[in-house]
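Written below as structure tokens is the structure these notes are about.
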Amino acid sequence: MSDRDQAASASQPGARPARKPRIFAAIMALFGAAMLYGGVELVRVGGTVFYLIAGAAMLATAVLLWRGSRWAVWLYGALIALALGWTLYETGLDIWAMIPRLGFFYLLFAWLLIPRARRGLAGGPAFDPRVARGTTLGLVVAMLGVPLAALPYASMITRDGTPSAAPGTAGPAADGDWTAFGGTMAGTRFSALDEITPANVGKLRVAWTYSFGDKIPEGLQVTPIKIGSSIYACNGVNNIVSLDADTGRQNWRYDPKVEKETPFLSCRGVAYYKVPDATGACAERIFGTTVDGRLIALDAQTGRPCQGFGRNGQVSLLEGFGKVLPGYYSHTAAPTIARGRVVLGGTMPDNQYWGEPSGVIRAFDALTGKLDWAYDVGKPERRGAPEPGETWTHSTPNNWGQMAYDDELGLVYVPMGNSTPDYFGAQRRPFDDEISSAVVALDVETGRRRWLFQTVYHDLWDYDLGSQPVLFDIPGPAGMVKALAQSTKRGEVFLVDRVTGKPLAPVEERPVSTRGHAPGERLSPTQPFPTDMPSLAGGLLNERMMWGLTPFDQMWCRIRFKEARYDGPMTPPGLTPSITYPGYLGGMDWGSVSIDTDRGIMVAVTQYLANRLILVTREEALRQKAYPMNMGRRGLAALRGLNAMEGTPYAEETGPFLSPLKVPCQQPPWSRISAIDLKTKKILWSRPLGSGKEAGPLGMKSHLPLPMGVPALGGVLVSRGGLSFVGAAADRSFRAIETATGKILWQVPIPESAHTTPMTYLGPKSGKQFILVSAAGHRSLSLGAGDTMVAYTLP
């Protein structure tokens, strides 16, 4: 029925006059007032004028609806046309960017198109809904149909589908073991196994699963190792298990009985050591560490503690530190085994106080547990333990990421963090700044430093190196060159000569912002940027990239972005809000990068989430009772607001830059998986990682299985079979991607998201290749937390 028909029907004798749509008008007025208010605020801080115009138009539409005028429909139709034009101007055909700009407006317009909603309207031009519906249908098809059809293809960037192979280091041994966290001590995460290929990967089936039975918020971050017929793995409360590699049946389990209320319940791996020329008990050993500061040696065959190691198979890692409060020293990476030594760093909580435990690097005798050497940057001449009454140098940069090792060169490669607290550094000493956020090469025999390469100067952004250095060989003008790739939270990859530490690709010193830093701080005016390797940092943010699920939270994000300081990479923290991008989860974190050494391809998962950061004065911090952990209140202060940073003039508040609906304030993708040709140093392909099916407001699911690029943490397994296996994305899925092309060939649901690195091995009894992944979530990204490992193989 057209508007004219409705009017004629209503004018007939005895007909009741149609009610004016005043309830809808009131709703429209509320929305319009909110948008007008936000629009004014956005214009005030220098943002777009669209929301102000839209809010005014909605209020005017509400007034016309209240009065019962048909002009309301025409005015709102004009707003729809304006919104569509503005959206196309800002976003092009990016469907995820379109949704918050158009979805809400179209929903209200759809209501106006219902004849019943317009019965009370009169005056003004007659309105034929058939024309409107046809026009709107065409607009919807244009707005959604084209981008949806193009989405699987537009989301992938292909530069060169035929990689130029470059020779490199060999993968794991032909016996099919996975002997270390990164496959080997080189950390390439490459396997020489090739039973599973692009032709048959679609036939993979679950072979076995194993659950620890201890579900914790941090999930299960372990990459297991496989030695002989056994899998060895640990969980967040440092239980260590041995499993039958073919069946997943438990051989033994060791429980060190750690306190489950300890912060940072995490264990990313264990280590294996075979004592030379030994037989009997503990001839083969599994080393693990605990979140309460112990190094443990177990018999690989029985799981019993090795009695000749330390005291009852344990060594305290707290000796030499003085008083250590609970939760202030742990070790979460897999131990590094190097020439009969167990080399360890340590993990400390961020941003609690100046004076936290030392970041000393230590090597222990793998047979006896005695300290062999130490690298304490504050006392570099000291090899042994501190003298009585002394301690390791407090507050020095620490190592919490996975180390790598080259036995031929006798060098241990250590990715360093920075001195805590992260966001104010005026109190740091010259030796702190010297090794902060650097990869350091230590002599395996003495612990002396051979060289270092720094990726950030005077780090104030929590850009510590969580990524394992990756060792491989590349062709050079004079033959093969021993290379090291160090990936960073910044999203940059540095290539250096692992013999000398000199860059193999040009590194440029670029000026960075010093505007708005905290009083008393000192800054580096430049930072290093690799210029020959492709940047995976995600580019620069701007207001147009701010996002939300509705125009209201998108507008809120735009306002907060414009209010904050953002001058590009390394915008300094200060007493006014600043944006850090990429944020403290990367870029690239503990997943590092993986290298297919057959094909000369580097594969990496990168995350694109910004942080919003502000420093507050000590007086304000005390007013809000922001105390260091275990000094006045229990648990990490960051989970409730401020981090104390006691011992400095400031406290800090930082976290992911999220909208009120708890979705990122920047538009997707929030992660990508990319491949780089190491010979040409060009991106072969790059695609968003993960679908939107698990994403939604306030932790709810959207159930939209569309490529989105969801938040992701984790690494990639690459194989001689030409496949890259990856979990990482917070969408409870596990995928196999063709390494050369970026095509997803296999995808299956898993119990929880896999924020770890998969591994592969050859079953000793079955002779089959297995793919094993820990699918257990993580509290920083996922909707749940589990404790399950899942193994796949061909039928």
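Quick notes on this one:
- For the chain, the antiparallel share of DSSP beta bridges with both residues in that region comes to about 95%.
- Note on the range 705-795: semi-axes of the ellipsoid equivalent to its C-alpha gyration tensor, largest first and rounded to whole Å, are 22, 17, 10.
- A full extension of the chain between Ala278 and Thr209 corresponds to an added length of 21.5 nm, given 0.36 nm per residue minus the alpha carbon distance.
- Distant-in-sequence amide H partners of Ala207 (H built 1.01 Å from N, under 5 Å): Ala791, Tyr792, Thr793
- Extension gain from Trp74 to Thr197, taking 0.36 nm per residue of separation minus the Cα-Cα distance: 38.4 nm
- Lysines whose Cα lies under 25 Å from that of Lys679, excluding same-chain neighbours fewer than 8 positions away: Lys482, Lys489, Lys502, Lys743
- Gyration tensor verdict on the range 536-647 (Cα atoms; rounded if a/c is under 1.5, prolate if a/b is larger than b/c, oblate otherwise): oblate
- Distance-filtered residues of the range 466-501 - backbone nitrogen under 11 Å, label point 7 angstrom along Asp532 Cα→Cβ: 475-477, 495-497
- Table column - 3J(HN,Hα) (Hz), the range 417-427, Karplus curve with 6.51, -1.76, 1.60, x for Gly and Pro: x, 10, 6, 7, x, 6, 9, 8, x, 5, 7
- For Trp556, solvent-accessible area (1.4 Å; no DNA, RNA or ligand), Å²: 80 Å²
- Along the range 223-230 the Karplus relation, 6.51 cos²θ - 1.76 cosθ + 1.60 evaluated at θ = phi - 60°, assigns HN-Hα couplings of 9, x, 10, 10, 10, x, 9, 10 Hz to successive residues, with x for each Gly and Pro.
- Sites Lys681 and Leu409, calculated FRET efficiency, Cβ-Cβ separation with R0 30 Å, nearest 0.05: 0.80
- Gyration tensor verdict on the range 730-777 (Cα atoms; rounded if a/c is under 1.5, prolate if a/b is larger than b/c, oblate otherwise): oblate
- Protection proxy ranking, highest mean first, for peptides 585-591, 210-216: 585-591, 210-216, where packing is the per-residue count of other beta-carbon atoms within 10 Å, averaged.
- With contacts taken as Cα pairs under 8 Å at a separation of at least 6 residues, the chain carries a relative contact order of 14 percent.
- Charge tally around Glu563: other residues with Cβ under 13 Å, Lys/Arg +1 each, Asp/Glu -1 each, net +4.
- Full extension of the chain between Ser229 and Gln624 yields a length gain of 136.7 nm, computed as 0.36 nm times the residue separation minus the alpha carbon distance.
- The range 49-74 residues near the modelled Tyr89 label - backbone nitrogen below 19 Å, point 7 Å along Cα→Cβ: 49-58
- According to the calculation over all Cα-Cα pairs in the chain, the P(r) per 10 Å bin from zero is 3, 13, 22, 24, 17, 10, 6, 3, 1, 0, 0 %.
- Ellipsoid semi-axes in whole angstrom, largest first, where each is sqrt(5λ) of the Cα gyration tensor of the range 490-559: 33, 20, 9
- For Met480 and Asp175, the FRET efficiency from 1/(1 + (r/R0)^6), where r spans their Cβ atoms and R0 equals 30 Å, is about 0.75.
- Accessible surface area normalised per residue over the chain is 37 Å², counting heavy atoms of protein chains with a 1.4 Å rolling probe.
- With each label modelled as a point 7 angstrom along the Cα→C-beta vector, the Thr446-Asp567 pair spans 4.3 nm.
- Cα gyration tensor, the range 385-450 - rounded (a/c under 1.5), prolate or oblate: oblate
- Computed packing ranks the peptides 613-620, 707-714 as 707-714, 613-620, most packed first, by mean other Cβ atoms within 10 Å.
- The distance separating the Cα centre of the range 293-367 from that of the range 536-551 comes to 42 Å.
- Exposure of Lys562 as accessible area (Å², to 10), given a probe of 1.4 Å and all protein chains: 70 Å²
- For the range 243-290, relative contact order (Cα pairs under 8 Å, six or more residues apart, normalised by length) works out to 29 percent.
- Amide hydrogen neighbours beyond the local backbone of Ser592, cut-off 5 Å, H modeled: Gln468
- Rel. contact order, % - alpha carbon contacts under 8 angstrom, at least six apart, the range 652-795: 15 percent
- Cβ-Cβ distance of Arg116 and Ala81, R₀ of 25 Å, FRET efficiency by 1/(1 + (r/R0)^6): the value works out to about 0.55.
- The range 445-509 and the range 33-72: distance between their alpha carbon centers, rounded to Å: 54 Å
- Volume of the Cα convex hull of the range 565-707, divided per residue and given in Å³: 164 Å³
- Highest-first packing order for the peptide set 411-419, 273-281, 469-477 is 411-419, 469-477, 273-281, based on the mean count of other beta carbon atoms within 10 Å.
- Taking amide H as placed 1.01 Å from N in the peptide plane, Asn251 has its amide H under 5 Å from the amide H of Ser242, Leu243, Asp244, each at least 5 places away in sequence or on another chain.
- The 3J(HN,Hα) values that the Karplus relation (6.51, -1.76, 1.60; θ = phi - 60°) gives for the range 361-377 are, in residue order, 9, 10, 10, 10, 4, 5, 8, 10, x, 6, 5, 9, 7, 9, 10, 10, 4 Hz. Gly and Pro appear as x.
The values are calculated or read from the model by the stated rules, or taken from the named source; none is laboratory data. Every value quoted in this text rests on a predicted model; they were computed, and no experiment measured them. Ideal geometry is used to build each Cβ from the backbone, glycine not excepted, and the neighbour counts take in all protein chains shown. Just so you know, the surface numbers come from the protein's heavy atoms only, side chains and all, with ligands and any DNA or RNA stripped out. Shrake-Rupley method; radii C 1.70, N 1.55, O 1.52, S 1.80 Å.
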